[in-house]
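Everything on this sheet refers to the single structure shown next.
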Amino acid sequence: MTQDSPSGWEGPGGYREALSVGAPLMISMGSTTLMQFTDRIFLGRHSVAEIAAAVPAGIASFLFLGFFMGTASCVGVLVAQYAGACRPDRVGPALWQGIWFSLFASVILAALAFLGEPLFALAGHPEQVRGLEVDYYRILTLGSGFMVLSTVLSAYFSGLGRTVPVMLVNLAGAALNVPLDYALIFGTWGAPEMGIQGAAIATVAGSAFSCLLFVWLMLRSPSTTKRHNFSAFRLEPEMLWRLLRIGTPAGVQFFLDIMALTGFSLLVGRLGMVELSATNIAFSINSLTYLPVIGMSIAVSILVGRSQGQGRPDIAQRATRSVLRLSVGWMWVVSLAFVLLPGPLLDLFETTPGVASLPGDPPFSAIRDMGVLLLRYVALYSLIDGVSIVYFGALKGAGDTRFVMWTMFVASVGVLILPSWYLVTTGTGGIHGPWLCLTAYIAVLASAFYLRFRTGKWRLVKVIEESPKRECAES
């Protein structure tokens, strides 16, 4: 089988390279999935109202955090392209501009933490849910600066292709977060029973722990001096501009995506507690599908970025094809589980017998019945979502983030939010109306990203400065 064969295992951009970079990131995202999934299970067993509050409040927190995380993640694009161009001396400055950006972001996010009450008052959710939403949102937002910094440090390691350290840090974070989550939600092992507040505190603590581990790994790296990781701490306006030029559209795209999901969740909440709870549980189960594929999306960004730095868009195309086939294969397996085993998945969220429910909690049997229906939608759009996520990663790795941003804006407003608002306010279609809009939204993104990649315009995007060709030394 030749290197240029689209089904080749060996060679640059083949399945072996895609898996060597992507498999640790899939496991890494799987650990994030585990943390979020167990968090939802613990909250669902503590109170139906808390699981109803956790997803809208968590998404609302990410609505603001998303812009800064999306921008910070483009540190990985710079690092990958500089590494591909054999310019390790520029890797450290790229990293430090991301660190300075994360410090600025933490101040802004802390100031936004106090918007919870007016935000959820506008949502019109039941009273017993609203106070829980405010508490969860406020704690997450106050501590979200750690998540931005963790994104920068993770992007640095990923951009170099060192995805195993990223995996190990995330596994260590899960090892801390899951038991801490349990202790603070239920009040075990001497901890106070804090419910949804405890879940938020555990999440912030996990992010801070990840930052410390990344710094420790960086200090131990033998290539730290060569990459100027600690000597290039000065603010470089030109390098910061490069980060913002590709990162701001990526941040806006991330913001728009989270805004669309936030709006969707808030609109579904108007249909009732059963619809809101079933939707939130379906989203939590859905994370089992898309977060590992996001790991592969990061992998294709690295491979495309490195190939662009080398001036080899042909390798970038081959890598994208390899990652796409692996990701869609994963989506098929998980989607079948959603169709064939919806009951056992939903039963994980049933409130523990003997635990007192809050006033207004609906019976879990009604939530379960609706959840079975919604998981069929999840199974359908997950296959389409795999295509969208992979091609998004490829375009991002090439620096073609403006197109992604504008596509996300048009689709989120015109395909998801406005049609869902109309269907919910007019009572048309019940729960089917907004979920059909969500499926159409994902299909539009997948089609647009695929067609953009096919045109090849991403090949012309320049992310880093031109430099003479160099032979890469062992790094």
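Coordinate-derived values only; no laboratory data. On a predicted model such as this, the values are computed, not experimentally measured, just so you know. FYI the Cβ positions are ideal-geometry reconstructions off the backbone, even for glycines, and counts take in every protein chain you see.
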- Quickly rank 208-218, 241-251, 42-52 as a protection proxy: mean count of other C-beta atoms within 10 Å, highest first. 42-52, 241-251, 208-218
- Highest mean packing first, using Cβ neighbours within 10 angstrom, the peptides 370-377, 292-299, 333-340, 93-100 sort as 292-299, 93-100, 370-377, 333-340
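If you put +1 on each Lys and Arg Cβ and -1 on each Asp and Glu Cβ, how big is the dipole of region 83-198 around its Cα centre, in Debye rounded to 20?
It comes to approximately 580 debye.
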- Message: Using a 7 Å offset from the Cα along the Cα-to-Cβ direction at both D369 and R270, what is the distance between the two label points in nm, to one decimal?
- Response: 2.5
- Note on the structure: Here the FRET efficiency for A172 versus W100, based on Cβ atoms and R0 = 30 Å and rounded to 0.05, is 0.70
- Task: Would you mind putting 109-115, 313-319 in packing order, based on average other-beta-carbon counts within 10 Å, highest first?
- Result: 313-319, 109-115
- Among all helices in the chain defined by DSSP H, which have a length of 20 Å or more along the axis from Cα atoms plus a Kyte-Doolittle mean of at least -1.0? 15-46, 48-73, 91-112, 127-142, 145-159, 163-186, 196-220, 237-269, 273-309, 313-340, 364-398, 432-455
- Note on the structure: Simple spin-label estimate for R459/T428, 7 Å along Cα→Cβ, in nm, reads 4.4
- Query: So for the chain, taking the charge dipole from beta-carbon charges (+1 Lys/Arg, -1 Asp/Glu), which of V252, G311, V75 sits furthest toward the positive end?
  - Reply: G311
- Note on the structure: In whole angstrom, the spacing between the Cα centers of region 271-322 and region 385-410 equals 10
- Item | Size of charge dipole - the chain - debye, nearest 20, with Cβ of Lys, Arg +1 and Asp, Glu -1, no other charges | 1620
- Message: Given an 8 Å cut-off on Cα distances and at least 6 residues of separation, report the relative contact order of the chain as a percent.
- Response: 25
